[in-house]
Amino acid sequence: MRKLNAYLSFQNNAREAMSFYQSVLGGDLSLSTFSDFPSMPHDPGDDDLIMHANLVTDDGLALMGSDTPHGMPVQEPSGFSLSLSGDDETALMACWDALSDGGTVTMPLDTPPWGGKFGMLTDRFGVGWMVSIDAA
């Protein structure tokens, strides 16, 4: 068995971002700071930053992330979106509303030629999302 999981990089706000994603998607969030691993060399200014965050939902979604330590360039996503899809319109509409709050809708959630609903946005943390609700 193989898995493909998204891993997001943040600049000093991974805790806030991953907690936000937990509020949107639900699930269990584990957070480890750089200071949790004292044997790993790091800048003391990074002690409270998130070295690794892991969000796993009851329905199998997995999203990981971390802060970029000082001295390393932040890699902004380019041409990258997370895709959230399914047939639970109520749950997906709630996700859409939460993700778009403070973000930028680039394609309103509407009926595409293939049916159902589809929309695209960039959330308040700069992460692109595509939301697709299957036709009933």
>> Angle check, please: helix 89-100 long axis (alpha carbons) against the longest principal axis of the chain (alpha carbons), in degrees 0 to 90, nearest 10.
In response: 50 degrees
> Order of Trp114, Trp96 from fewest to most other C-beta atoms within 10 Å?
Replying inline: Trp114, Trp96
>> Please report, in whole Å³, the volume per residue of the convex hull around the C-alpha atoms of the chain.
In response: 132 Å³
> Mind ordering 48-61, 121-134 by average Cβ neighbours within 10 Å, highest first?
Replying inline: 121-134, 48-61
> Roughly what angle does helix 14-25 make with the longest principal axis of the chain, taking Cα atoms, 0 to 90 degrees, to the nearest 10?
Replying inline: 30 degrees
>> Below 8 Å between Cα atoms, with a sequence gap of 6+, how large is the relative contact order for the chain in percent?
In response: 21 percent
> Distance from the Cα centre of the range 52-81 to that of the range 109-136, in angstrom?
Replying inline: 21 Å
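Bear in mind these aren't lab numbers, they're just calculated from the coordinates by the rules spelled out. Note that the structure is predicted; figures quoted are calculated from it, not measured. Heads up, the Cβs are rebuilt from the backbone with ideal geometry, glycines too, and the neighbour counts pull from every protein chain shown.
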